[in-house]
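**Student:** Below you will find the structure I want to go over with you.
What follows draws every value from the coordinates through simple rules; no lab data is involved. Predicted, not measured: the structure shown is a model, and the values here were computed from it. Counting neighbours? That spans all protein chains shown, and the Cβs are built from the backbone with ideal geometry, glycine included.
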Amino acid sequence: MSDIKHIPLPYFIINHDLTILESSHQALDLFGHSDNLLTFIDKESQEKAKRILIAKEKKSTELVMSTLESSFALFQLKINWVNEKGHIVCIEQDGRIQQLIDAVEKHRKRLSETNFELLDKKEQLEQSLAKIMDLSAPSITLTDQIVLVPLFGDLEKELIDKNNLKILQKIKHSRIDKVLFDFHGVGEITAEGINELRQLTTSIELMGASSYIIGVKPAHAKVIHQTSIETGTDYLRNLNEAIRSFVI
């Protein structure tokens with residue numbers, strides 16, 4: 001039996017199976033007792049340990065190891081093979097592993113803060129878009145029986161969907177029997193938007209009111225014709241014609 005137990009360093013002698021043949025007292029005090037060196041090496045580092053430590057040459061590598069005081073500690077391992085035995089010295093890298101942990105935590109915190117900022121901006125954007133949608137279909141009471149709904153922007157499903165409840169509630173709580181949808185401020189229109197408008201005008205009719213579409217542009221008429229979707233409403237050329245027909 002050699003005197004390695006008295007070496008003032010964490011010291012092991014291993015064979016090619018990484019079986020521990022001898023240990024210094026400091027190694028036992030630091031890592032505890034085990035028959036195999038892999039017991040002290042982090043699972044993610046074990047393949048690296050096998051590959052490097054078993055090679056028959058002088059080597060130096062860094063491995064994450066488990067001690068009696070810490071599950072994660074960074075060590076530099078120096079190994080030298082003599083007569084089929086590997087002599088290993090383990091040198092702890094002081095606070096380097098903690099520095100890495102701190103760096104990762106700092107990065108994680110920064111990402112978390114960024115995510116919250118993005119979420120906050122996303123919520124602000126959604127609120128702004130909802131407000132825009134709400135303002136894109138205001139209702140203007142012309143008389144006790146007539147309400148004008150000028151549409152602005154592209155006629156898409158979302159535009160009608162965001163405003164249909166507001167329009168139907170206005171009809172429900174008033175004497176309105178005519179709803180005028182003004183297309184003068186409409187840009188592009190989609191089949192989904194026209195279909196959603198058709199469903200809205202159907203609901204308006206079920207509530208005992210009539211709906212009219214005014215200011216349809218040639219491009220709008222073309223899309224409506226191509227989609228073969230009937231809105232179930234009457235068409236008027238402009239607001240002046242509507243006023244002359246229903247107000248004057």
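**Student:** Could you pull out the pairs from Lys178/Lys222; Lys48/Lys106; Lys56/Lys78; Lys58/Lys85; Lys59/Lys85; Lys56/Lys85 whose alpha carbons sit more than 18 Å apart here? Provide the component values of the computation, followed by the final result.
**Tutor:** Numbers: Lys178/Lys222 26 Å; Lys48/Lys106 27 Å; Lys56/Lys78 12 Å; Lys58/Lys85 12 Å; Lys59/Lys85 14 Å; Lys56/Lys85 9 Å.
Cα-Cα > 18 Å for Lys178/Lys222; Lys48/Lys106; rest within.
**Student:** Normalised by the number of residues in segment 142-181, what is the relative contact order in percent for Cα pairs under 8 Å and 6+ residues apart? Don't skip to the answer; put the middle values down first.
**Tutor:** Working: 27 pairs, mean separation 29.5, N = 40.
74 percent.
**Student:** Next question, about the same structure. Please list 33-45, 196-208 highest first by mean number of surrounding beta-carbon atoms within 10 Å per residue. Kindly include the intermediate steps, with their values, before the conclusion.
**Tutor:** Values: 33-45: 15.5, 196-208: 17.1.
In decreasing order of mean packing, 33-45, 196-208 become 196-208, 33-45.
**Student:** In terms of modelled amide H atoms, which long-range or inter-chain residues lie less than 5 Å from the amide H of Gly185?
**Tutor:** Long-range HN contacts for Gly185: Leu151.
**Student:** Cα to Cα, under 17 Å, and not fewer than 8 places away if on the same chain: which lysines meet these conditions relative to Lys157?
**Tutor:** Counting by Cα, and skipping residues close in sequence, Lys157 has these lysines nearby: Lys131, Lys166.
**Student:** Counting Lys and Arg as +1 and Asp and Glu as -1, what is the net charge of the other residues whose Cβ lies under 12 Å from the Cβ of His184? Present the calculation step by step, with values, prior to reporting the outcome.
**Tutor:** Numbers: positive: Lys217, Arg237; negative: Asp182.
The answer is +1.
**Student:** Residues with amide H under 5 Å of Leu21's amide H, sequence separation 5 or more or different chain, H placed in the peptide plane at 1.01 Å from N; which?
**Tutor:** Those qualifying (amide H under 5 Å, at least 5 residues apart or on another chain) are Ile13, Ile14, Asn15.
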